[in-house]
Amino acid sequence: LHDKYLQPQIKALEWTDERKFEETTYYKRLCNDADLSATEGKDLFLSLDATPQEAYEHQLKHGMTVFPSVMQEKTASDLRDYVISRNHNLTEDESIYVIENDNRYSFALGTEEPSVARAMSEIALNERLKPALEKIMGRNPALIEMTAITVSNGAKPQYWHDDVISSGSAMQFGRAFGPSYSIFIQLQNTTKQMGATQGCPGTHYCATGNMDRFCQKKGFQIVGESGYWRVGDAMLMNMNTWHRGEAHVDPEGGDRVMLILTFVPKPQSHSESRQMSQGITFSLRWDMWGHTLYDLADAKNRMSQPWATLRALGLYKPKDAEWGLDYITSSSHRIANEDNGFREDQLEEYLESGGFPLLPKFLHGEMGEDDKWLDYYFRTVVRCEVFFKFASYFGFIFYFSAQALILITRVALKRESKRSSLRRFFWSIVPFLITHGILYGLYKMSIQHVDGTQWAKDITANRRYTNPFTIAVPDAYEGPSVYPHREDVLFETRYKSSFLAMYNDFVMGHPGNRQWKELLESTAPLYVSYKGLPKIFLEHLPEFMVSSIESQQRRFLFQKGKSRWIKLSKDDALEYNGRQLRIHSNKVLRHIYQELEFLMSECISGHFRDLAMTIYDIYPYLHDLADRLLAIEDEKLNPSFVREPSESEADSPSRSTSLLRRSMKLPLPATNAKFVRRPSILHVGELPGEPEAGAWRSDGDIIEARYKVKGSKRPMWYWAKLIEIHDSGWHHIEFDDGERKYVKVDEVRAYMPFDIGEKLEVWMDDDEYVLAEVTDYDEENNTIDLFLPDEEKRLGAVPNASVRRRGKSEKKRRKTQYY
């Protein structure tokens, strides 16, 4: 099992730079305080009559949603008393470290305590929280954390942080990692002075930036209009959202006790590509792994011993239950990437404490200086295998030899006849053979059972935890790669699967997409109202949408394969917006089209993505069916003005033809009407420029890149050319000397004209840079005149590429831009 399944699974789970490059679903977004989605705590509280859809929209926007009255006050009080009584009797192994640990206590909970079991039941059965949680995360999410945190008077404020890392979470990689959501429930009324949690809502979209600085400036404590966070209120928080625990400065306020549960989507039964996000503390007792939201509803029975331990080991679950993440699976997730609990520094501590409990030390794997957890486990498994094989063989030989010796002795002493002794010998080894035969049979049956599971089949077929974007399909649009800006409208192609739940709409929560969605929803009803009018009226609606968006310093970007966003041309933007108007003008069509998108996504990224029939037949058929549905809708809206496909559309695999020629073709409705695009009669004004310098950079642009030359004290800004931009944040650039490299998004900035008097450094013939001052600048020829103060001489017509700029302090107007 180890060699055939566990080792390949851990290998598939390894999160490498190559995978980050290929599996990005959003982009590495830099943020500033403009990205905060709320300004005060009361904005995060839902009303008692809020629907699951309203909770869904609220969570998508803010990443923090407070549900009122999830737990009864009596239950909260009993649980609080239990937690406080345990805090002062915790052993070192039971205590969980938290940020600013002084005067803070934390430990993992178990359901053997009645107040814990009762609290779990109330949470899982709450009529507001449960449906909202399932709409946001998918059906019956898996439990990965169940803990309590107590904050006493004198506790200091924590630093601002998120609970997962952006480079290993669903924020940027929605198909490689499952989203994680924590539920914080106050077990008493909590005031600001008691250290109510501070939040920075909206930052669940932020991968980098000066987060701590602007959260410190704009973040706020989460309390309602009453001035406190009420007992029993539960906050659902996306773990990518930045937050912190405040200081407890109220000596009369008592301890602030908070229950925390964390959930991730329940693993798919087949072809699961998502692992747990990285950076989570995983504050869950090992025997509580494997459970789900539904198990909490009957925690007293479902999560009691010995069933909880068997569930955690993946050995048993009730027939009507579903598997969450068992302990072995969750451990393999963390071992593969040295995540919390399985970091290299924690291995030393683990071995010093004795390693595997109840396992003799001579069976523990030997460790070298640079060995890691995987090396330790592998060598331990090998030692145990060798030992038990030897013990089994030795036992068999010893038993067989002992019986043979008894036989020979009895015959030699003539106490029995040879025949009688042979009969006795035979019946003496029969029980041994039967016992070992049964054990061997059970072993073979177990192996056969494991081989037949979908988990084993997926690992063998390399479909579990592997890159789901291996099938290349023709892109619908072409254009230069660009880096997205918060104000851009993004059309994604890497989600669109029903099991992704709210993350299907994750990109729709992008600021530019929110504006576009509002415009789309207000314009779509007009599309229906123009039924029967000349088609020019319908054509001007997408023109109105495109002009409105572009006039607000926004672009339309389309997601291509290999982690790229491209800028849509005017015609492509009109075509895409027209398509979306037709889809959103009819609710039935909208739902059918969404299901078709789910099916097409399953063909490309799902369980059957490697089958020829899926790629060559099913996917093209679904694509043609979607086009035919839109054509039928056109005919319904304007039967006399349905157009034939243009030459470019007829030749394009993304419009009306099949992906490959052997696939089934669905004909478009026939019509004699001819279509000629008329010039737009709507005029919003001249398109404005980019929101800030460098925001609209694209392939081929001249930029400046920060680079530290060997031997220099600090990095400098060099002239460079952009070769390609990737949404993972990497920019492929070429310096003037021909050197190519990848740099991060925060290591590039717009190339800007030089100022007279600006100090910089120029490359001289003796292979060194010297200090210079700009005396003149020829923008047309991209050359500058310089004065060298150390040598008191002037240089004329120096190419831009021969100079480099110094740090930010040399030019204060060049502030870092956030995209």
Requested in this report: Give me the percent of the accessible area of segment 17-149 that comes from carbon and sulfur atoms, probe 1.4 Å, all protein chains in place.
Outcome: 46 percent
Query raised in the report: Put +1 on the Cβ of every Lys and Arg and -1 on every Asp and Glu Cβ in segment 1-41; which of ILE10, ALA38, TYR26 then has its Cα farthest towards the positive end of the dipole?
Result: ILE10
Query raised in the report: Hey, what do the phi angles of segment 323-331 turn into as Karplus ³J(HN,Hα) couplings, whole Hz, using 6.51/-1.76/1.60 and θ = phi - 60°, x for Gly and Pro?
Result: 6, x, 9, 6, 5, 5, 5, 5, 5
Query raised in the report: Cα centroid distance between segment 411-440 and segment 252-282, in Å?
Result: 58 Å
Query raised in the report: Each residue of segment 370-376 in turn: what ³J(HN,Hα) in whole Hz from Karplus with 6.51, -1.76, 1.60 and θ = phi - 60°, glycine and Pro shown as x?
Result: 9, 6, 10, 4, 4, 5, 4
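Using a 1.4 angstrom probe on the protein heavy atoms only, could you order TYR616, TYR377 from most to least accessible area?
Order by accessible area, largest first: TYR616, TYR377.
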Report task. At 1.4 Å probe size, with every protein chain present, just tell me what the per residue accessible area of the chain comes to in Å². Result -> 48 Å²
Query - Length released on extending from ARG628 to ILE408, taking residue separation times 0.36 nm less the Cα-Cα span - result: 70.3 nm
Report summary line: Between MET445 and TYR316, the FRET efficiency computed from the C-beta separation at R0 = 22 Å comes out, to the nearest 0.05, as 0.90
Query raised in the report: Residue separation times 0.36 nm, minus the C-alpha to C-alpha distance between LEU48 and LYS587: what's the value?
Result: 191.2 nm
Report summary line: If one compares the long axis through the Cα atoms of helix 73-87 with the longest principal axis of the Cα atoms of the chain, the angle in degrees, nearest 10, works out at 70 degrees
Query raised in the report: How high is the relative contact order of the chain, in percent, with contacts defined as C-alpha pairs under 8 Å that are six or more residues apart?
Result: 12 percent
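FRET efficiency for TYR97 and ASN462, Cβ-Cβ distance as r, R0 = 30 Å, nearest 0.05?
Numbers: r = 38 Å, r/R0 = 1.26.
That pair, TYR97 with ASN462, gives E of 0.20.
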Query raised in the report: Computed over the Cα atoms of the chain, what is the convex hull's projected area averaged over all directions, in nm²?
Result: 49.2 nm²
Report task. Please turn the phi angles of segment 269-279 into ³J(HN,Hα) values with the Karplus equation 6.51 cos²θ - 1.76 cosθ + 1.60 (θ = phi - 60°), one per residue in order, whole Hz, x for glycine and proline. Result -> 5, 9, 6, 6, 9, 9, 9, 5, 4, 8, x
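Using only Cα atoms, figure out Rg for segment 449-552 and give it as a multiple of 2.2 N^0.38 Å.
Working: Rg = 20.4 Å, N = 104, 2.2 N^0.38 = 12.8 Å.
Here the Cα radius of gyration is 1.59 times the empirical estimate.
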Report task. Determine the share of segment 364-423's accessible area contributed by carbon and sulfur atoms, expressed in whole percent, with a 1.4 angstrom probe. Result -> 65 percent
Query raised in the report: TRP763: accessible area at probe 1.4 Å, nearest 10 Å²?
Result: 120 Å²
Query raised in the report: If ligands, DNA and RNA are left out, what is the accessible area of HIS449 with a 1.4 Å probe, given in Å² to the nearest 10?
Result: 130 Å²
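Kindly sort LEU36, LEU500 by accessible area of their heavy atoms, largest first, with the probe set to 1.4 Å. Can you show the working numbers first?
Values: LEU36 30, LEU500 5 Å².
Most to least solvent-accessible, the answer reads LEU36, LEU500.
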Report summary line: Of the candidates TRP307, VAL748, THR460, the farthest towards the positive dipole end of the chain (Lys/Arg Cβ +1, Asp/Glu Cβ -1, centred on the Cα centre) is TRP307
Requested in this report: Any chance you could look up the accessible area of TYR399 with a 1.4 Å probe, heavy atoms only, rounded to 10 Å²?
Outcome: 70 Å²
Query - Rounded D (µm²/s) - segment 86-174, Kirkwood Rh over Cα pairs, Stokes-Einstein at 25 °C, 0.890 mPa s - result: 153 µm²/s
Requested in this report: Hey, can you grab everything whose amide H is under 5 Å from the amide H of GLU724? Only 5+ residues off in sequence or another chain; H modelled, so Pro and N-termini drop out.
Outcome: HIS732
Query - Förster radius 22 Å - calculated FRET efficiency between ASP699 and THR470, Cβ distance, rounded to 0.05 - result: 0.35
Query raised in the report: So how do ILE408, ILE459 rank on accessible area, 1.4 Å probe, biggest first, that is with the largest at the start?
Result: ILE408, ILE459
Query raised in the report: Distance in nm between label sites at GLU739 and GLU385, each 7 Å beyond Cα in the beta-carbon direction?
Result: 4.7 nm
**Report entry** 16 Å reach of a label modelled at GLU352, 7 Å along Cα-to-Cβ, counting backbone N of segment 83-126
**Finding:** 92-93
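Using 0.36 nm per residue of separation minus the Cα-Cα distance, give me the extension gain between GLU595 and HIS88 in nm, one decimal. Numbers along the way, then the final one.
Numbers: separation 507, 0.36 × 507 = 182.52 nm, distance 5.46 nm.
Separation in residues times 0.36 nm, less the Cα-Cα distance, equals 177.1 nm.
The values are calculated or read from the model by the stated rules, or taken from the named source; none is laboratory data. Every value quoted in this text rests on a predicted model; they were computed, and no experiment measured them. FYI the Cβ positions are ideal-geometry reconstructions off the backbone, even for glycines, and counts take in every protein chain you see. Heads up: the accessible areas ignore ligands, DNA and RNA and are worked out on the full protein's heavy atoms, side chains in. Shrake-Rupley method; radii C 1.70, N 1.55, O 1.52, S 1.80 Å.
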